[in-house]
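Worksheet: one structure, shown below.
The values are calculated or read from the model by the stated rules, or taken from the named source; none is laboratory data. All values reported here derive from a predicted model rather than from experimental measurement. Every residue, glycine as well, gets a Cβ built from its backbone with ideal geometry; the counts of neighbours run over all protein chains shown. Calculation scope for accessible area: heavy atoms of the full protein, side chains included, ligands and nucleic acids excluded. Shrake-Rupley method; radii C 1.70, N 1.55, O 1.52, S 1.80 Å.
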Amino acid sequence: MKLTGRRESSNVEDRRGLSGGAKAGIGGIGAIIVAALFAWMSGGDPVSAGLQAAQQQMSAKTESVDPENFTEEEQQLATECKQILASTEDVWGKVFQELGRTYEPPTLVLFSNQVNSACGSASAAVGPFYCSGDQKLYIDLSFFTQMKRQLGVEGNTFAYAYVIAHEIGHHVENSLGILGKAHQAMNQTDKVQANQISVRLELLADYYAGVWAHYEDAMNHSMEYGDLEKGLELAKAIGDDWLQKKAQGRATPESFTHGTSDQRKRWLKRGYETGNMSTSTFNVQNYNDL
């Protein structure tokens, strides 16, 4: 994915190295981020739990961060994340305008080790997450470093652009009123039904990630050969069935919260190919047809 020369979003809080988000040592960060990678892939973000907790706004520190404290790789990742965020602002701003709405972009919070949000305090072990309580996207950049090495996506920007676009997809759901209605419904039903609603939310966020890529490429011709395939490979690697079989030798569909590998690949690809905002996972009446 070509990002050279692209603008960087200013909707960013860099909390790396701050109190409550201090950098971990080399030995510790490896274990933390491996855990983060698995947690994110298996649905370990704090959105649902955070929304059930008291949604009190945590005060964020705003001290400046010295760029010299971070490696060249970290700074490059930070730059690319800001460029991807800027792209989502441009794309969704245009899409919302066509829908007769105004897109209010979220803030990207870069942190190290742990962070405070309106959804509570979270460590790097939860992976990237979106908090609707403060409309912010939280990312520990070491997650991407480990993801590239563990999943073989080294040098492919679109692979982690997909991760960001997925979380932005939750912000789009929130902006359209979908997320709030879904969480309300989840709180009023049993665990199995709540999991099925969660799957619809996650697959819709995958779809919106594809919609973003559709319009991003149409506007900037940024997608390169193999980009979509890498995104689909990542979607496969984070399917509930694939992860459960790898972890415990079998899959238990009633416990799925994010969707199967095939579902995640299908909805991401569908969004990329169509860019159609009238499509929604919540329009599919039969859950088994997702």
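Pairs under 7 Å by beta carbon, first residue under 17 Å from VAL163 (Cα atoms) and open to solvent by 10 Å² or more (accessible area, probe 1.4 Å) in region 212-230, partner modelled with pLDDT under 90 and not in a helix (DSSP H, G or I), six or more apart or different chains?
Correct list of pairs: LYS230/VAL153; LYS230/ASN156.
Quick check on my filter: what residues within region 267-290 are within 20 Å of GLN196 (Cα to Cα) and either within 17 Å of the chain's Cα centre (by Cα) or outside any helix (DSSP H, G or I) (or both)?
Answer for region 267-290, where residues must be within 20 Å of GLN196 (Cα to Cα) and either within 17 Å of the chain's Cα centre (by Cα) or outside any helix (DSSP H, G or I) (or both): TRP267, LEU268, THR279, SER280, VAL284, GLN285, ASN286, LEU290.
Does LYS246 fit the bill of being open to solvent by 70 Å² or more (accessible area, probe 1.4 Å), on the phi < 0 side of the Ramachandran plot and without any contact (Cβ under 8 Å) to a residue 24 or more places away in the chain? Write out each step before concluding.
Numbers: open to solvent by 70 Å² or more (accessible area, probe 1.4 Å): yes; on the phi < 0 side of the Ramachandran plot: yes; without any contact (Cβ under 8 Å) to a residue 24 or more places away in the chain: yes.
It is true that LYS246 is open to solvent by 70 Å² or more (accessible area, probe 1.4 Å), on the phi < 0 side of the Ramachandran plot and without any contact (Cβ under 8 Å) to a residue 24 or more places away in the chain.
Within region 260-270, identify whether any single residue is surrounded by fewer than 19 Cβ atoms within 10 Å (Cβ to Cβ), under 28 Å from GLY133 (Cα atoms), at pLDDT 95 or above and of a type in the set (Phe, Trp, Tyr), and answer yes or no.
Within region 260-270, none of the residues are surrounded by fewer than 19 Cβ atoms within 10 Å (Cβ to Cβ), under 28 Å from GLY133 (Cα atoms), at pLDDT 95 or above and of a type in the set (Phe, Trp, Tyr).
Is it the case, given these coordinates, that ASN276 is among the polar types (S, T, N, Q) and open to solvent by 70 Å² or more (accessible area, probe 1.4 Å)?
Against the criterion (among the polar types (S, T, N, Q) and open to solvent by 70 Å² or more (accessible area, probe 1.4 Å)), ASN276 does not qualify.
Could you please find all residues in region 235-256 being touching a Leu at 6+ places or on another chain (Cβ under 9 Å) and either farther than 17 Å from VAL163 by Cβ or not in a helix (DSSP H, G or I) (or both)?
Result: ALA251, single match.
Of all residues in region 122-153, which are under 20 Å from LYS236 (Cα atoms) and aliphatic (A, V, I, L, M)?
Once the filter is applied, which keeps residues that are under 20 Å from LYS236 (Cα atoms) and aliphatic (A, V, I, L, M), region 122-153 yields VAL126, MET147, LEU151, VAL153.
Could you please find all residues in region 130-150 being buried (at least 18 other Cβ atoms within 10 Å of the Cβ), more than 13 Å from the chain's Cα centre (by Cα) and over 20 Å from ARG16 (Cβ atoms)?
Residue satisfying the conditions is GLY133 alone.
Specify the residue that is farthest from GLN75 (Cα to Cα); the eligible residues are those in region 93-126 that are of a type in the set (Ser, Thr, Tyr) and at pLDDT 95 or above.
THR102
Just to verify a result, which residue in region 184-210, among those that are over 14 Å from the mean Cα position of the chain (by Cα) and farther than 13 Å from THR257 by Cβ, is least open to solvent (accessible area, probe 1.4 Å)?
If we take residues in region 184-210 being over 14 Å from the mean Cα position of the chain (by Cα) and farther than 13 Å from THR257 by Cβ, then ALA185 is least open to solvent (accessible area, probe 1.4 Å).
With region 130-207 as the region, which helices (runs of 4 or more DSSP H) entirely inside it contain at least 1 residues that are at pLDDT 95 or above? First the steps, then the outcome.
Details: elements: 142-151, 157-175, 178-186.
Per the criteria, 157-175, 178-186.
Restricting attention to region 263-290, which residues are farther than 14 Å from TYR207 by Cβ and acidic (Asp, Glu)?
ASP289
Could you check region 74-127 and list, in sequence order, the residues that are at positive phi and open to solvent by 10 Å² or more (accessible area, probe 1.4 Å)?
GLY100, ASN113, GLY120
State which residue is nearest to the chain's Cα centre (by Cα) when the search covers only region 92-129 and only residues that are free of Cβ contacts under 8 Å to residues at least 24 places away in the same chain and in a loop (DSSP other than H, G, I, E, B).
The extreme case among them is THR102.
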